[in-house]
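Okay, structure first, notes after.
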Amino acid sequence: MAGPTKKLLVEGNEDIHAIAQLMGHFVDWPPKSPPVTIVQCNGAEIFSSARISTELKSSAEILGVMVDADDSLLGRWTRIRGQAISAFPNLPDDLPHEGLIIANTDGRRFGVWIMPDNRTDGMLETFMQWLVPTEHEALWRFVREATEQAQAHGAAYTPAHSDKAQIHALLAWMDPPGE
């Protein structure tokens, strides 16, 4: 007998790979049969359409949503809550700092995590910076300096994406690159 249908909605393709790699370090996460289907929703699709409410009405027994706060954690939570409130009328007004996992009377579950920590603005890469191992601290300081200096040499990333630029630079210098 198959287990419950589990889906995790994320904003981008990079999120799929980052989650799979992170989870693979902590739980059994076989690449060919992961314990949850991660669905990339092309960024704003999660918020600009009824994607969450549609998924909650579908066959998913467990639905998770993981998005970046970017520059409006409250705005992101408000839009997610607005789409989910009909299926989960007991949703809190404010996203709990520890994240949200809630069940409804039908036995379905719904979870939300807004990167980096359900408290502050930022993104997945902001969260990933907190995972830089101590033994890479000197390299991490250099990466931060180098990405700032790169802007003086024409690097076109915006200040809003400095966390993204920094973590991707660090990952590019790992062995193997990208992990």
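The values are calculated or read from the model by the stated rules, or taken from the named source; none is laboratory data. As the structure is a prediction and not an experimental result, all values here were calculated from the model. All Cβ positions, glycine included, derive from the backbone under ideal geometry; neighbour counts span all protein chains shown. Note: accessible area is taken over every heavy atom of the protein model, side chains too, but ligands, DNA and RNA are not part of it. Shrake-Rupley method; radii C 1.70, N 1.55, O 1.52, S 1.80 Å.
Among Ser58, Phe47, Phe26, whose Cα lies farthest out toward the positive end of the dipole of region 21-179, if unit charges sit on the beta carbon of Lys, Arg (+1) and Asp, Glu (-1)?
Farthest towards the positive end: Ser58.
Can you tally the net charge around His168? Count Lys and Arg as +1, Asp and Glu as -1, for every other residue whose Cβ sits under 11 Å from the Cβ of His168.
Its environment carries a net charge of -2.
When ligands, DNA and RNA are left out and all protein chains stay put, how many square angstrom of accessible area per residue does the chain have with a 1.4 Å probe?
Normalised by residue count, the accessible surface of the chain is 58 Å².
Where in the chain lies the longest segment free of chymotrypsin sites (Phe, Trp or Tyr not before Pro) that are both loop residues by DSSP (not H, G, I, E, B) and have at most 10 other Cβ atoms within 10 Å?
27-129
Within the chain, which complete DSSP H helices have Cα atoms spanning at least 30 Å along the helix axis and a mean Kyte-Doolittle hydropathy of 1.6 or higher?
none
Just the number, please: carbon plus sulfur as a percent of the accessible area of region 23-132, 1.4 Å probe, no ligands or DNA/RNA counted.
Of the solvent-accessible surface of region 23-132, carbon and sulfur hold 55 percent.
Counting each DSSP H run of 4 or more residues in the chain as -39500 (n - 2.57), what helix-only mean residue ellipticity at 222 nm follows after dividing by all residues, to the nearest 500 deg cm²/dmol?
Result for the chain: -11000 deg cm²/dmol, rounded to the nearest 500.
Once amide H atoms are placed 1.01 Å from N in the peptide plane, what residues at a sequence separation of 5 or more from Ile38, or on another chain, have their amide H within under 5 Å of its amide H?
For Ile38, the qualifying residues are Leu8.
Using a cut-off of 15 Å between beta-carbons, work out the net charge of the residues near Gly64 (Lys and Arg +1, Asp and Glu -1, Gly64 not included).
+1
Have a look at the DSSP beta bridges in the chain and tell me what percent are antiparallel, nearest 5.
For the chain, the DSSP antiparallel bridge percentage is about 25.
To the nearest 20 debye, what charge dipole does the chain have about its Cα centre, counting +1 at the Cβ of each Lys and Arg and -1 at the Cβ of each Asp and Glu?
700 debye
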